1. Taking a virtual spin label 7 Å from the Cα of residue 356 along the C-beta vector, which residues in segment 98-137 bring their backbone nitrogen under 14 Å of it?
2. Using only Cα atoms and rounding to the nearest 10 degrees, what angle (0 to 90) does helix 57-68 make with the longest principal axis of the chain?
3. If I build a Gaussian network model for the chain, linking alpha-carbon pairs within less than 10 angstrom, which residue out of 322, 249, 71 has the largest mean-square fluctuation?
4. Using only protein heavy atoms and a 1.4 Å probe, report how much of residue 187 is accessible, in Å² to the nearest 10.
5. Taking Cα atoms, how many degrees apart are the long axis of helix 303-334 and the longest axis of the chain, rounded to 10 and kept between 0 and 90?
6. Relative to the Cα centre, what is the charge dipole magnitude of the chain, using +1 at the beta carbon of each Lys and Arg, -1 at the beta carbon of each Asp and Glu, and rounding to the nearest 20 debye?
7. For the chain, what does the relative contact order come out to in percent, with C-alpha contacts under 8 Å and a separation of six or more?
8. With all distinct Cα pairs included, what does the Kirkwood hydrodynamic radius of segment 3-110 come out to in Å, to one decimal, could you say?
Amino acid sequence: MSLFEEVRAFAQCHVAPYTVQADRDGVFPKEAYDALKKEGHTSLLVPKEYGGREGSIVDHVETCMALGSVCATTALCYMMHNVATMSIVAFGTQEQKAFYLPKIAAGEIALALAFSETGTGTHFYNPEIKAEKMAEGYRLNGKKSFVTSAHHADYYLVLAANPEGEGLSVFSTPKNMEGLRHDDVAWDGLGMRGNASVPVYYENVSVSNEHLIGAHGDGVGIVFSVVAPFFILGLASVYSGLSLAASTCVIEHAVSRAYTDGSNLSQIETVQLHIAELYTSSCASKALTLMAAHAALEGRSDALALIISARLESSTNVIDVCSRAMKIGGGHAYSKRLPLERYLRDAYAAGIMAPSTDVLSIWLGKALTGQQIP
Ligand SMILES: Cc1cc2nc3c(=O)[nH]c(=O)nc-3n(C[C@H](O)[C@H](O)[C@H](O)COP(=O)(O)OP(=O)(O)OC[C@H]3O[C@@H](n4cnc5c(N)ncnc54)[C@H](O)[C@@H]3O)c2cc1C
């Protein structure tokens, strides 16, 4: 059994039962997330010496894709945790690894990313939060606009300008630190309704070098060598998984939707054309995402271009797949008897997560023609 199949089987038992409630009530899928922790999935990227599974980027992709094929909102929360974990694995000091990683491996803590801000939007790599140098340590002041899993994660990785020089720094802040405040508004997104992505305010939050992940200036490395592959490909995986879910759901529906004359929906040629298109798009998203993950694992020079392509392909495809599926699903889909309208709402987040697909398209065009990207 592949890791994808294993995680999918797990998710059908332990994640699927909470998906409808997470979407309907806009609540974090706590039971599903607890099951992911208990089963060791949140330790996927933690090295074995700290008690984890030491999975690769391919394992990250297969896991996020399998979860995305069952519950996209749970998959996205999980994916953010993996990216934050990998930042500590790749850049944390020995002390930080010894502090965080065994706890992550044991499922005792989960992490979130506090990168985006209102002032810079999709250009999250230009944070405006102030990290002011004090007699001892630093003081953080500012606001992060969307922190997925906010109340349910234990530590947030905060991206800030390097207070000691050029570039960026990343601090890890416990969610209950003095001066750290969550916005009272509940997350009420169009889709991804279990994400609990709320604004978080930093008001004179005191941090020290203990909170700094790695060294000052390592934020640039974290963005390019961890966030770029694990986050961009993680998004491609979640939305490839969602495409597969929509494709499977609508194919089953077309076969089972019978008319009184004894025929069924799948026998109509227009439906067959749509099914062929959406199945092909789903497979293309999955294949390109896995191909990019293997390129990243092998350290190939075209890995970044493939990673961006996979995100672009899966984000465009998922909206097309879900739109076609809605059309075939007809009244059954529109009336929510099928989960397709939830899939379509979830799919709309695919392109807007930073850097958005518009921004990434421009970067890819520049990179492929030898031009500088940020
Ligand atoms: C469900 C969800 C969960 C999220 N979770 C997190 C999280 O956990 N942590 C986190 O840090 N952030 C998170 N975010 C934030 C997300 O990553 C983006 O930063 C945020 O959605 C940007 O929104 P904005 O309206 O400010 O974008 P804007 O900057 O206003 O951009 C709006 C649109 O304009 C276009 N655009 C902008 N600039 C350019 C350009 N230069 N070239 C071409 N097109 C451009 C893009 O198409 C973009 O989609 C989350 C967002 C969502 C929707």
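1. 117-124
2. 50
3. With Cα springs under 10 Å in the chain, the top fluctuation among 322, 249, 71 is at 249.
4. 60
5. Value to nearest ten degrees: 40.
6. Values: 28 positive and 38 negative charges, 100 e Å.
Using only the charged Cβ atoms, the result is roughly 480 debye.
7. About 17 percent, as a whole number.
8. Numbers: mean 1/r = 0.0723 Å⁻¹.
Kirkwood hydrodynamic radius for segment 3-110: 13.8 Å.
The values are calculated or read from the model by the stated rules, or taken from the named source; none is laboratory data. All of these numbers come straight from a predicted model, not from anything done at the bench. Cβ atoms come from the backbone with ideal geometry, glycine included; neighbour counts cover every protein chain shown. Areas reflect the complete protein model, heavy atoms only, side chains present, ligands, DNA and RNA absent. Shrake-Rupley method; radii C 1.70, N 1.55, O 1.52, S 1.80 Å.
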